[in-house]
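Trainee: The structure under discussion is supplied below as structure tokens; questions concerning it will follow.
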Amino acid sequence: MTDTRDFTLAELLIVAASEAWRGNGEVLASGLGVIPRLGASLAKLTHSPELLMTDSEAFLVEEPIPLGPRGDYVPKYSGCMSFERVFECVWGGRRHAMIGPTQVDRWGQTNLSVVGDYRQPKIAMLGVRGLPGNSINHINSFFVPSHNKRVFVAGEVDMVSGVGFKPERWLEGSRRDLMDIRRVVTDLCVMDFEGPERAVRVRSLHPGVSFEEVQDNTGFPLLKADGMGETAHPTAEQLAIIRRLDPHDLRASALKGNPPGIRAATQA
């Protein structure tokens with residue numbers, strides 16, 4: 001029968017983000033921001049319980065901690081995860097982080113630092129922070145809440161803060177086997193870098209979005225992945241978990257300016 005249920009765009013993106021961690025094994029899952037964090041948490045509580053997660057301080061937890069004020073919630077601690085151990089995971093390729101870059105180019109290079117010329121930028125941001133080391137040493141995915149050509153730029157990003165797949169940027173003899181870019185989740189679609197010569201492909205389109213709309217909002221050519229279809233809708237079980245993990249509905253403000261909800265008809 002047909003089961004018609006409501007879910008928001010944020011909840012659709014959380015489910016899509018969770019898939020980035022599927023099959024990763026026992027790695028440290030780091031979701032930076034509301035949607036990525038809920039995606040990592042959903043992954044651990046459903047298809048990938050082997051993922052390692054922390055309380056964002058110094059302890060491993062067996063159950064992801066809900067967002068916002070905890071009330072009487074008691075974390076389920078399972079071990080110590082000091083900064084030293086976190087860096088061991090980073091440098092050893094045992095981490096998968098989902099980050100929110102300011103710019104992304106066709107090679108997967110990312111920018112967190114400046115918009116415009118580095119010597120006289122139009123906008124100066126936080127700087128590269130830990131992105132150079134993180135991007136070269138472990139798996140990353142990207143979350144982009146507003147898919148447009150200011151983010152997915154033509155040519156190179158204004159400052160290469162995180163490494164990508166552009167051969168000319170890699171020094172001879174550099175170790176490349178630890179880095180990878182698994183998924184790019186945006187408010188329009190899900191993409192990857194699994195095309196020929198690491199070309200960007202659209203894996204799935206969100207409800208009501210066309211491939212042409214995605215291409216029009218991207219500064220470089222895109223490919224259609226084999227079997228490209230509609231992004232998987234959240235199940236009732238996934239929605240219940242998301243709402244338990246985010247009791248204060250912080251996800252609602254994570255996509256300012258985007259449509260608040262999607263009406264979906266799914267098969268049950």
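The values are calculated or read from the model by the stated rules, or taken from the named source; none is laboratory data. Computed from a predicted model, the values in this text were never measured in an experiment. Here the Cβ positions follow ideal geometry from the backbone for every residue, glycine too, while neighbour counts run over all protein chains shown. Accessible surface is based on the protein model in full, side chains and every heavy atom, while ligands, DNA and RNA are left aside. Shrake-Rupley method; radii C 1.70, N 1.55, O 1.52, S 1.80 Å.
Trainee: Taking 8 Å as the Cα distance limit and 6 or more residues as the minimum spacing, I'd like the relative contact order of the chain as a percentage. Intermediate results must be reported in sequence, preceding the final value.
Mentor: Working: 543 pairs, mean separation 65.8, N = 268.
With pairs under 8 Å counted, the relative contact order is 25 percent.
Trainee: Can you tell me the relative contact order of segment 110-162? Whole percent, Cα pairs under 8 Å, sequence separation 6 or more.
Mentor: Reported relative contact order: 55 percent.
Trainee: Work out Dmax and Rg for segment 166-240 from the C-alpha atoms and quote the Rg first, both in angstrom.
Mentor: 15.4, 50
Trainee: Please figure out what share of the DSSP beta bridges in segment 64-148 is antiparallel and state it in percent, rounded to the nearest 5.
Mentor: Once the DSSP bridges in segment 64-148 are tallied, antiparallel ones form about 60 percent.
Trainee: Of the peptides 246-252, 28-34, how do they stack up when ordered by the mean number of other Cβ atoms within 10 Å, highest first?
Mentor: 28-34, 246-252
Trainee: Considering only segment 86-216, what is the antiparallel percent among its DSSP beta bridges, to the nearest 5?
Mentor: Expressed as a percentage, antiparallel bridges in segment 86-216 total about 55.
Trainee: Reachable aspartates and glutamates from Lys149, Cα under 20 Å, same-chain residues fewer than 8 places away excluded?
Mentor: Within reach: Asp105, Asp117, Asp158, Asp187, Asp192, Glu212, Glu213, Asp216.
Trainee: On to the next question. Could you pull out the pairs from Lys44/Lys76; Lys166/Lys224; Lys44/Lys224 whose alpha carbons sit more than 23 Å apart here?
Mentor: Going by Cα-Cα distance, Lys44/Lys224 fall outside the 23 Å limit.
Trainee: So how do Thr231, Thr102 rank on accessible area, 1.4 Å probe, biggest first, that is with the largest at the start? Mind showing how you got there, number by number?
Mentor: On the way: Thr231 10, Thr102 45 Å².
Reading off the accessible areas and sorting them downward yields Thr102, Thr231.
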